[in-house]
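Below is one structure, written out as structure tokens; the observations come after it.
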Amino acid sequence: MENGNGLKIMEKNGLSLNLKLQNGTKVDNGTHWCFRGNKELDTPPEITIRGVLGMLKDSLDPSDPRPTIPLGHGDPSYFPCFRTAEVAEKSIADALHSANFNCYAPTAGLPSARRAVAEHLSADLPYKLIADDVFITVGCTQAIEVALCALARPGANILLPRPGFPIYEARAVYSHLEIRFFDLLPEKGWDVDLNAIEALADENTVAMVIINPGNPCGNVFTYEHLEKVAETARKLGILVISDEVYDHITFGSKPFVPMGVFASIVPVLTLGSISKRWIVPGWRIGWLATNDPNGILKKTRVVDCIKGYLNISVDPTTFNQGALPHILEKTKEDFFQNIINTLEHTSEICYQKLKEIDCITCPHKAEGSMFVMVKLNLGLLEDIKDDMDFCFKLAKEESVIVLPGIVVGLKNWLRISFAIDPCSLEDALGRIKVFCQRHSKQK
Ligand SMILES: *Cc1c(COP(=O)(O)O)cnc(C)c1O
């Protein structure tokens, strides 16, 4: 790097050390290439759900004639019993054929899509959101990215749940937000450890994240608990990021309550998408909504930063945005009820069948989302080192894929997805039982 300016920029970013290493590296033909991959992105696959699931798939035994049963995934779209609503498919086709949506959309999203999401979310709120409160994103994943990038500043930290959803961690690291984990408590139905929140936070804490209904725990927070979360966050002066990508997917005794209900206590960023409720994660339509009746997010310029970030990032395809109002307004209750009935049934199968397996305990039956967290009792197993080892051997010997808990922050636990047809689920749980018996210690 001969250019003096370039060198200065690199030093400013703390990369001068890399540069020296690079210059000391002999490369082909004597050329010193001045570039290299961004080390911050050069992460091992073990830290992402998809990375680990890919590795587990690679360890399957191709000579096993039985079908592989995936219980690690969060995408049931390829099972016929989880096909999306016909009206949703038609909305997309109509939007495409109308030729009204071949254009770029505004960076915050099509006004009609923003308005439709505002109305959709307002149905469960004590006040009305307007189109300006909603930003259309590339799935909930981009909503996470936008929220964290809008809040990141030097020295800031964010409170994340453990177990949790690894994208938050990865995104926080990449945005240079320090991460502090608070526990979800299995013995309390995976409620937030509110005392821990108060102990963890300081004047540099900007936000806490909750996921409700929960991934990976399948828990649902009560109105009372969410109110306490709001009061705790207010006391600490932090905002709440509420990931509601599984909104309304509940089948226990607790109804879904959006965090936005408490926005007069504390400002809330609600993140969501149609990926899970409509079972179309490939359509890449999500949103971020500012629930802020007191205008705090405007005063603190968080809203401007959200807009600023969206101005420099990609948008979801315009025809999908064009279809969104119809998808939200025209999908019949029957469709949702069918999906919920299926999940209620499969979560029950999961709970009952797991009871028959000695080395696995389920501290809290799933009441929402598509997952349950269960604990491995390694003391009962002969030759299984940890949750990773369990999952790799299970994949190899039984062609069943389950996510090791370590990936979501809990070592020696497992996350089991029950969003799969009931017969395959029973088959898989039977294989897990046989696997555990084969590996159990002789008494
Ligand atoms: C699936 C998931 C997301 C990502 O949603 P997309 O709309 O597919 O981007 C975000 N948060 C949680 C908790 C999820 O399970």
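The values are calculated or read from the model by the stated rules, or taken from the named source; none is laboratory data. Since the model is a prediction, treat every value here as computed from it, not as a measurement. Neighbour counts are summed over all protein chains in view; Cβ atoms, including those assigned to glycine, are modelled from backbone coordinates with ideal geometry.
Going residue by residue through the stretch 293-303, is there one that turns out to be modelled with pLDDT of 95 or more, in the same structural domain as Glu224 (by TED's automatic domain parsing) and within 16 Å of the chain's Cα centre (by Cα)?
no
I'd like the residue in the stretch 343-374 that is free of Cβ contacts under 8 Å to residues at least 24 places away in the same chain and outside any helix (DSSP H, G or I) and, out of all such residues, is farthest from the chain's Cα centre (by Cα).
Thr361
Check every one of the helices (runs of 4 or more DSSP H) wholly within the stretch 100-185 and list those with 1 or more residues that are within 16 Å of the ligand (Cβ to nearest atom) and farther than 26 Å from Pro216 by Cα.
Once the helices (runs of 4 or more DSSP H) in the stretch 100-185 are filtered for at least 1 residues that are within 16 Å of the ligand (Cβ to nearest atom) and farther than 26 Å from Pro216 by Cα, what remains is 111-122.
For Leu343, all conditions in the list (1) surrounded by fewer than 20 Cβ atoms within 10 Å (Cβ to Cβ); (2) assigned by TED's automatic domain parsing to the domain that holds Leu414; (3) within 16 Å of the ligand (Cβ to nearest atom) hold save one; what is the number of the exception?
The one condition Leu343 does not meet is (1).
Among the residues of the stretch 261-278, write down those that are of a type in the set (Val, Ile, Thr) and either near the ligand (Cβ under 9 Å from one of its atoms) or more than 20 Å from the chain's Cα centre (by Cα) (or both).
The answer is Val261, Ile265, Val266, Ile274.
Could you please find all residues in the stretch 1-59 being under 17 Å from Tyr174 (Cβ atoms), at pLDDT 75 or above and in a helix (DSSP H, G or I)?
Lys39, Glu40, Leu41, Ile49, Arg50, Gly51
Being assigned to a helix (DSSP H, G or I), within 16 Å of the ligand (Cβ to nearest atom) and touching a Leu at 6+ places or on another chain (Cβ under 8 Å) is the filter here, so list the residues in the stretch 279-322 that pass it.
Gln321 - this is the single residue of the stretch 279-322 that is assigned to a helix (DSSP H, G or I), within 16 Å of the ligand (Cβ to nearest atom) and touching a Leu at 6+ places or on another chain (Cβ under 8 Å).
In the stretch 190-247, what residues are within 16 Å of the ligand (Cβ to nearest atom) and over 22 Å from Glu145 (Cβ atoms)?
Once the filter is applied, which keeps residues that are within 16 Å of the ligand (Cβ to nearest atom) and over 22 Å from Glu145 (Cβ atoms), the stretch 190-247 yields Trp190, Val192, Cys217, Gly218, Asn219, Val220, Phe221.
Go through the stretch 320-333 and count every residue that is surrounded by fewer than 22 Cβ atoms within 10 Å (Cβ to Cβ) and either closer than 27 Å to Leu71 by Cβ or touching a residue at least 12 places away in the same chain (Cβ under 8 Å) (or both).
The number of residues fulfilling the criteria is 7.
Can you name the residue in the stretch 270-301 that is of a type outside the set (D, E, K, R) and more than 21 Å from Ser122 (Cα to Cα) and is also surrounded by the fewest Cβ atoms within 10 Å (Cβ to Cβ) among such residues?
Going through the qualifying residues, I end up with Gly282.
Here is a yes/no grid of residues against (1) hydrophobic (A, V, I, L, M, F, W, C); (2) farther than 15 Å from Ile167 by Cα; (3) touching a residue at least 24 places away in the same chain (Cβ under 8 Å):
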site	(1), (2), (3)
Leu41	yes, no, yes
Glu46	no, no, yes
Gly51	no, no, no
Leu56	yes, yes, yes
Leu60	yes, yes, yes
Pro70	no, yes, yes
Ser77	no, yes, yes
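Could you list, in sequence order, all residues of the stretch 392-443 that are within 19 Å of Gly218 (Cβ to Cβ) and assigned to a helix (DSSP H, G or I)?
If the condition is that a residue be within 19 Å of Gly218 (Cβ to Cβ) and assigned to a helix (DSSP H, G or I), then Gly405, Ile406, Val407, Val408, Pro422, Ser424, Leu425, Glu426, Ala428, Leu429, Ile432 are the ones that fit.
Can you pull out the residues in the stretch 69-91 that are β-branched (Val, Ile, Thr) and either in contact with a Phe, Trp or Tyr (Cβ under 6 Å, 6 or more places away or on another chain) or within 16 Å of the ligand (Cβ to nearest atom) (or both)?
Thr84
So in the stretch 303-319, with the set limited to residues that are among the β-branched types (Val, Ile, Thr) and in contact with a strand residue (DSSP E or B) (Cβ under 7 Å, 6 or more places away or on another chain), which one is surrounded by the most Cβ atoms within 10 Å (Cβ to Cβ)?
So the residue we want is Ile306.
Restricting attention to the stretch 351-374, does a residue exist that is loosely packed, with under 15 Cβ neighbours inside 10 Å and among the aliphatic types (A, V, I, L, M)?
No, the stretch 351-374 contains no residue that is loosely packed, with under 15 Cβ neighbours inside 10 Å and among the aliphatic types (A, V, I, L, M).
If you scan the stretch 91-110, which residues turn out to be within 14 Å of His326 (Cα to Cα) and without any contact (Cβ under 8 Å) to a residue 40 or more places away in the chain?
Of everything in the stretch 91-110, just one residue is within 14 Å of His326 (Cα to Cα) and without any contact (Cβ under 8 Å) to a residue 40 or more places away in the chain, namely Ala93.
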